[in-house]
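We did not get these values from a lab; they are worked out from the coordinates using the rules stated. Predicted model, so just to flag it, every value in this text is computed and none were measured. Backbone-built Cβ (ideal geometry, glycine too); neighbour counts: all protein chains shown.
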Amino acid sequence: MGEIDRIAEPWGTRAAYGPGEFWPVRVDVRLDDGVRPADVDEWVQSATILHSNGDGLDIAVKDGRIVGVRGRADDRVNHGRLGPKDLFGYQANNSADRLTTPLVRRDGELVETDWDTAMAAVAGRTRELLAERGPSSVGFYTTGQLFLEEYYTLALIARGGIGTNHLDGNTRLCTATAAAALKETFACDGQPGSYTDVDHADVIALYGHNMAETQTVLWTRILDRLAGPNPPKILCVDPRRTPVAAAATIHLAPKPGTNVALMNAILHEIIANEWVDRDYVDRHTIGYDELAKQVADCDPEWAAAICDVPPGDIRDAARLLGTAERLLSTVLQGFYQSHQATAAAVQVNNVNLLRGMLGRPGCGILQMNGQPTAENTRECGADGDLPGFRNWANEDQVADLAKVWNVDPTQIPHYSEPTHLMQMLRYVEDGSIRFLYVSGTNPAVSLPELARVRKLLSQERLFLVVQDIFLSETAELADVVLPAATWGEKTGTFTNADRTVHLSEKAVEPPGTARADLDIFLDYARRLELTDKDGEPLVKWTDAEGAFEAWKECSAGRPCDYSGLSYEKLRGGSGIQWPCNAEHPDGTERIYTNGEFWSEPSYCESYGKDLVTGAPLDPVEYEAMNPSGKAVLKAAEYLELHEPPTSEYPYLLTTGRTLYHFHTRTKTGRVRQLQNAAPEVWVEMSPYDAELQGWDEGDLLRISTSRGSVRARLRISGIRPATLFLPFHYGYWDAPDERSARAANELTATDWDPCSKQPLFKCAAARVERIGVGNAPSPAPTTTASKPVVAGVSPTRGGTDAVVLEHFPAKGDER
């Protein structure tokens, strides 16, 4: 048992292993000061909730209070390891400013009330609008952090009960492109790869994916491979010198917004050098000729002029991918939130398909998620999908869902694809949506062009309901605020980015009168008196396990099949990957083995879209194109940025995350170890640009776009020239005097990808001016992509306050 400062050492101690070997166990334990393992009354099974990795953990309970966590040694995802946000983030549950009672707006102020009054107001306004304006006046915006059971209940209420098409999740901001890219290539959502592919791959390519900060434990797995014999080679595509880039064999730092050009050049080289598995391509894909034609003239010199990347580096990257024996590709926000998002992510799929690298150990694609339950949002239909990966344009699949719910198919809106969030905001803007129910998310900080968002959410004619655990910036604007229980205070399941399902058990009671999100939704459904076509209650369950059993029926026979799972099966041991059914009772590690896909026309979730316009293909077009249900090699033409740099706005601004915070810091900003590691917003600039301007580390800058401005201290980092980076986490809940002066999304544009409808946070034209000379370095962490390139910056440390125990079991006891 050893001690380590896990703020200073985010990935912990190395446990080297070689290709095909078992990843050694390391159990991380963090307990409150003064609490020893022997003092813990109970360890309660759960999994991590502050990223998408889904690491198994146990919650330590003493005297009815959460006092710590430990990694689950036998969990397939993490083998006992935890990341800094999980080791310290549990403390937010115990924060003194938790919401504990409902609030309603009276005379312009939020005042405390009882649950009956609050829910009567919510249900009453819903009924009024349904009578006056119909279902399209009602909208729902949820999160990627609730449980499967809650999403499914919400989807049934909204789509099967109220009959609105306006239901989306904040997964629209982080993982919509993952789903869209998978649908374009495989006609269905669902990650083909498994985290265990890290154990076998000889090349791992990370595209716009700063895994070291967004999935710290998965990066720990890669670091342990790199420390062992025959380590994998790493390709990193990122405009910043992230920890991934520092460890990479090849680092490509393209100009933001040029990902399609870069990918087309890589594909050009793979085809030109005949690094294509023609047998696999001929038997299992369509579209090769169109793809080859599209990239024929996209040589590295062409891409270099667009991306500002040396052509030799592009050739080297293509050779690395083209000669790999086992290739794992991962993608995240650097592609998803940038120009031509879906088109770029699809080209990554094309690389693996051309190489025939799917469905076997070390050969996979992970179009990663950004949130812990983003996969569930999509599976359950609480975003722009129908439950069970059903196709809204397939009448038979809609009828099948109606049968499960015992409603008439016409009750389920499917006249068009479900409304995405950015369109919902336009409906709020024009007054057609008059009721918006926001659960577990903070759009007043996380959405683009915040001045517009605040104006929309503050409209007198909009009835805004916010269901959350703290009084967030969004909750401050609400007509009704509903206090919710959070992780550790309720029971449910959630599924990570490689389809692993975990059970999270209730460990403690929520504070005050706060209720589980599921219980709030059930109360809402009862008050609306929603019924099926036989006049029976539409929602037929009363607890989480009942909701899970109902979901099993809904998912049976669909790609995301949970029918072989149960709470009992998920208790103890490891998480289990779907599909899990009679055919695969122990789950399924990898899908699309032997070139078998879920893309047959009558079964597929999506018929695909035009990558430029987003226009959906109809069933006849898709069946004519892909009658045998193969994977689609979909070509994309590079298009120029919507908002290129100008003489007035000469920089490209990209936004993103830091290792120590999650989203809008609703939880992590209340945890001293995490907040102290990254206490305030900063802006990154290259050494070249800083020297050109005559600016120094820590200078106070004003960063502006045509939409607003933000003040931040300068960090001179390894970012590429002519590019700026702002972390998006910082709103104003803990700095009300500053308000919008530090929120990165004051600057981002109301623009989105045509296919995934994901907002474009990573390519805004910006300018910078110095408004103050610094007398100290910026507050940016030194352990991450914001690592300074200048001397004299004190390293980020947590000290004794951030000590974590690491236990390496004796050999033979690992499992």
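Here's the picture: charge each Lys and Arg Cβ at +1 and each Asp and Glu Cβ at -1 in the range 441-588, and of Leu530, Pro559, Thr441 the one pushed furthest to the positive end of that dipole is Thr441. In terms of the mean number of neighbouring beta-carbon atoms within 10 Å, the peptides 765-773, 562-570 order highest first as 562-570, 765-773. Name the lysines eligible as straight-distance cross-link partners of Lys506: C-alpha to C-alpha under 29 Å, and not fewer than 8 places from it in the same chain. Result set, ordered by chain and number: Lys62, Lys85, Lys490, Lys540, Lys552, Lys569, Lys667.
Taking 45 Å as R0, compute the FRET efficiency from the Cβ-Cβ separation of Asp396 and Asp116 and round it to 0.05. Display every interim value, and only then the final one.
Numbers: r = 43 Å, r/R0 = 0.95.
The pair Asp396/Asp116 has a calculated efficiency of 0.55.
As a length-normalised measure over Cα pairs under 8 Å and 6 or more apart, the relative contact order of the range 153-275 settles at 15 percent. With both labels modelled 7 Å from their Cα along Cα-to-Cβ, the Glu553 to Glu769 distance reads 6.5 nm. Residue exposure proxy: Leu401, Leu327, Leu464, ordered by other Cβ atoms within 10 angstrom of their Cβ from fewest to most, comes out as Leu464, Leu401, Leu327. When each of the peptides 160-172, 432-444, 220-232, 277-289 is scored by the mean number of other C-beta atoms lying within 10 Å of its residues, the order from highest to lowest reads 160-172, 432-444, 220-232, 277-289.
Please state the shape class of the range 449-595: rounded when a/c is under 1.5, otherwise prolate if a/b exceeds b/c and oblate if not, all from the C-alpha gyration tensor.
Working: a/c = 1.85, a/b = 1.70, b/c = 1.09.
Since a/c reaches 1.5 and a/b is larger than b/c, the shape of the range 449-595 is classed as prolate.
Over all pairs of different C-alpha atoms, the chain has a mean inverse distance whose reciprocal, the Kirkwood radius, equals 26.6 Å. Rounded, prolate or oblate: pick one for the range 87-130, where a ≥ b ≥ c are the square roots of the eigenvalues of its C-alpha gyration tensor, a/c under 1.5 means rounded, and failing that, prolate if a/b is larger than b/c, else oblate. The shape class here is prolate.
For the pair the range 287-330 / the range 430-479, the C-alpha centres are spaced 43 Å from each other. Of the peptides 472-479, 50-57, 632-639, 403-410, the order by per-residue mean of other Cβ atoms within 10 Å, starting with the highest, comes out as 50-57, 472-479, 632-639, 403-410. A simple rule links phi to the HN-Hα coupling: the Karplus curve 6.51 cos²θ - 1.76 cosθ + 1.60 with θ = phi - 60°, which for the range 511-518 gives x, x, 9, 4, 10, 4, 4, 4 Hz, with x for Gly and Pro. Shown for Trp695, Trp578, Trp43: other C-beta atoms within 10 Å of each C-beta, ranked fewest to most, produce the order Trp43, Trp695, Trp578. Extension gain, Glu568-Glu637: 0.36 nm per intervening residue step, less the Cα-Cα distance, totals 19.9 nm.
Site pair Arg426 and Ala131 shows an inter-label distance of 3.2 nm when each label is modelled 7 Å from Cα along Cα→Cβ.
Equivalent ellipsoid of the range 651-784: semi-axes from √(5λ) of the C-alpha gyration tensor, largest first, are 21, 20, 14 Å. Estimated from helices alone, the mean residue ellipticity of the chain at 222 nm is -7500 deg cm²/dmol (sum of -39500 (n - 2.57) over DSSP H runs with n ≥ 4, per residue). The residue list Trp219, Thr101, Tyr732 was ranked by how far each Cα lies along the charge dipole of the chain toward its positive end, using unit charges on Cβ atoms, and Tyr732 comes out on top. Based on C-alpha pairs under 8 angstrom that are at least 6 apart in sequence, the range 651-784 has a relative contact order of 36 percent.
Quick one: grab the alpha carbon gyration tensor of the range 576-655, order the square roots of its eigenvalues as a ≥ b ≥ c, and give me rounded if a/c is under 1.5, else prolate or oblate depending on whether a/b is larger than b/c.
Details: a/c = 3.64, a/b = 1.76, b/c = 2.06.
Taking the square roots of the gyration eigenvalues as a ≥ b ≥ c, the range 576-655 is oblate.
Using θ = phi - 60° in the Karplus curve 6.51 cos²θ - 1.76 cosθ + 1.60, the 3J(HN,Hα) couplings for the range 328-336 round to 10, 10, 10, 9, 8, 4, x, 9, 5 Hz; x is entered for Gly and Pro.
Entry note, the chain: relative contact order of 20 percent, from Cα contacts under 8 Å with a spacing of 6+ residues.
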